[in-house]
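Read through the structure below, which is laid out as structure tokens, and then see the notes.
The values are calculated or read from the model by the stated rules, or taken from the named source; none is laboratory data. Worth saying up front: this structure is predicted, and the values here are computed from it rather than measured. Quick reminder, even Gly has a Cβ in these numbers, built from the backbone with ideal geometry, and neighbours come from all protein chains shown. When the accessible area is computed, the model is the full protein with side chains, heavy atoms only, and any ligands, DNA or RNA have been set aside. Shrake-Rupley method; radii C 1.70, N 1.55, O 1.52, S 1.80 Å.
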Amino acid sequence: MQTISSSTPIAAPQEVAWEVMADHELYARWVPRSQVAVEVEGSPQRNGVGAIRVFRIGPTRTREEITVFDPPQRMAYRVLSVPLPLRNCRSDLLLVAEDDSSACTLHWDSWFEPMIPLTGGILRRVLASATARMAAGIAAEAERRALSA
């Protein structure tokens, strides 16, 4: 099992960061030429548990199912299909508020198993880059919203 962990400080309240993190379609803003759509709505929240989101970048498609949706702190998902040789991929995103509630930190942990021996390091770098891009996008959008509020 391979692991990726990151922490991204966000200069915005936890609730604002949560609104951004839980809005699946926003993720397309942070990856050029991509689209993100909710294929199946969650219950009881549209973007909550059971929601399946689909990322399209060119001809590739990744499907993810939301498995935990605990506003405004935690969201987790599992990858249903991905154009990479990996399996059993899942991620957990946790927003931790700072003491003064004006900022928070996004902790993003992912786990996966490579399907091809000796590819774990390469896949880890690819996924770490993708999650870092998403975390930076979440932080930037949350900070923009907090400044304009």
Would you confirm, using the coordinates I've provided, whether P32 is modelled with pLDDT of 95 or more and either more than 26 Å from R144 (Cα to Cα) or surrounded by fewer than 19 Cβ atoms within 10 Å (Cβ to Cβ) (or both)?
no
Filter result (open to solvent by 50 Å² or more (accessible area, probe 1.4 Å) and closer than 21 Å to W30 by Cα) within the stretch 90-137:
R90, L94, H107, R124, R125, V126, S129, A132, R133, A136
Number of the exception - A140 against (1) at pLDDT 95 or above; (2) more than 24 Å from V68 (Cα to Cα)
(2)
